[in-house]
Amino acid sequence: MNPPRHLLQIEGLPPSEIAALLELAESYVLLNRSGQTERDLLHGRTLITLFFEDSTRTRTSFELAGKRLGADVITMSVATSSVNKGETLLDTAATLNAMHCDLLVVRHAQSGAPALLAQKVDAAVINAGDGTHEHPTQALLDALTICRHRGRLEGLVVAICGDVLHSRVARSNIHLLTSMGGHVRVVGPPTLIPPAIEKMGVEVFHDMRAGLAGADIVMALRLQKERMARGLVPSAREYFRFWGLDAERLAYAKSDALVMHPGPMNRGVEIDSAVADDPERSLIREQVEMGVAVRMAVLDTLSRRGLS
Ligand code: ASP
C-alpha cells in the first residue's frame, strides 16, 4: 500500500513519523536562521492555499514555507472566488485538479472538509485547521518549540487551559503529546471541556491551581466566541478573573514553566500581557518562527514520500 499522501490529522500518525517530521523541521530552523533557501526542492510544483476561515500565522507561514522551497505559491482568496457564488467544495476540487495543483493547504469551518477534498483532488492535502477537529501543523510546531527548550516531550506535564471544547489545536496537541509520552491535563470550566475527553488519555481539572500544579508547560487557548452558539461564559471580564493566565496563576506551575498560545491572543481574556510578553517564560513568538520550519518539513515530506 502506498503511504498516505496527505496530512489530515495527528491522530493515528505513528510516533516515528512525528519524530522524523520534527527532526527535519529542526534542520529547517537552522536553514531559515542562516538566511539560505532550498529552492530546488519544490521547483516546478504548485502549492495552493485555500482558506475558508480567517488566518494570519498559518496561511502566511505555509506560503513562506512553499516559497522558501521554491514552489509556485497561489493564494486562493475565498472571499473573491466562485465559492461565494455557491460553488460546492467538490466543484472547487475539480477546478483545482484542472490546474494541476501538487500541494493543497485547506482551512475550513467544517470538521472533515479537508478529508473530503483529499478524496477528490490529485494534490496532497494538508489540513490547516478544520472546525473543532484538528490542526496538525500547529501541534507539530508546538512540539518542536517544546523540544527546543526541554529536549524532549516524554514525561513532560503540559496543561492546556481554557476553551478546549472548540479547540482543534487542543485536540491535535493531545494526540501528539500523549503519543509521544507526555502527560496532558486540560484545565477549564465544565462548559468548555468536552464530555468524556478523559478517553483521549488526559486528566481533567476545573481549577487553575490544581491543574497547573507541577506543570512544565502551560498552554493558553483563545476563547473561541465565533464557535459558541450560546453564552458558555458569563463575560470576558469574569472569564479572566477565574481562568485568565496571569503571573499569579503561572506561579502555581513549576518555577521554570514555559507559556504557549497558538494565537491569535485575546489579551486580558485568556492571557495577561505581562505573561504573554515575558521573554523569560513566553514561547509565543518562537512558536510562530517554528511554524515556518514545520510547514517546510511537511511540504518537503509530502512531496517526496507521503507519510507512513
Ligand atoms: N489559530 C488557531 C486555529 O486556527 C487557534 C485559534 O484560532 O484560536 O485553530
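The values are calculated or read from the model by the stated rules, or taken from the named source; none is laboratory data. Predicted model only: the values in this text are computed from it and were never measured. Here the Cβ positions follow ideal geometry from the backbone for every residue, glycine too, while neighbour counts run over all protein chains shown. Protein only, heavy atoms only, side chains kept; ligands, DNA and RNA dropped before computing areas. Shrake-Rupley method; radii C 1.70, N 1.55, O 1.52, S 1.80 Å.
Some notes on this structure:
- Of all the listed residues (G211, G151), the sole one being modelled with pLDDT of 95 or more, away from the ligand (no atom under 16 Å from the Cβ) and within 18 Å of V275 (Cα to Cα) is G211.
- Residue check, R185 modelled with pLDDT of 95 or more, touching an Asp or Glu at 6+ places or on another chain (Cβ under 8 Å), open to solvent by 10 Å² or more (accessible area, probe 1.4 Å) and outside any helix (DSSP H, G or I): yes
- Evaluation of E286 against (1) open to solvent by 70 Å² or more (accessible area, probe 1.4 Å); (2) touching a residue at least 24 places away in the same chain (Cβ under 8 Å) (one fails), failing number: (1)
- Taken residue by residue, segment 289-300 has at least one member that is open to solvent by 10 Å² or more (accessible area, probe 1.4 Å) and farther than 19 Å from A251 by Cβ.
- Residues that are within 16 Å of the ligand (Cβ to nearest atom), among the hydrophobic types (A, V, I, L, M, F, W, C) and open to solvent by 20 Å² or more (accessible area, probe 1.4 Å), drawn from segment 241-268: W243, M265
- Meets criteria (part of a helix (DSSP H, G or I) and farther than 27 Å from V187 by Cβ) for A274: no
- Matching helices (runs of 4 or more DSSP H) fully within segment 1-117 where at least 3 residues are away from the ligand (no atom under 16 Å from the Cβ) and within 30 Å of K225 (Cα to Cα): 89-98
- Scanning segment 174-192 for residues that are in contact with a His (Cβ under 9 Å, 6 or more places away or on another chain) and within 16 Å of the ligand (Cβ to nearest atom) returns G188, L192.
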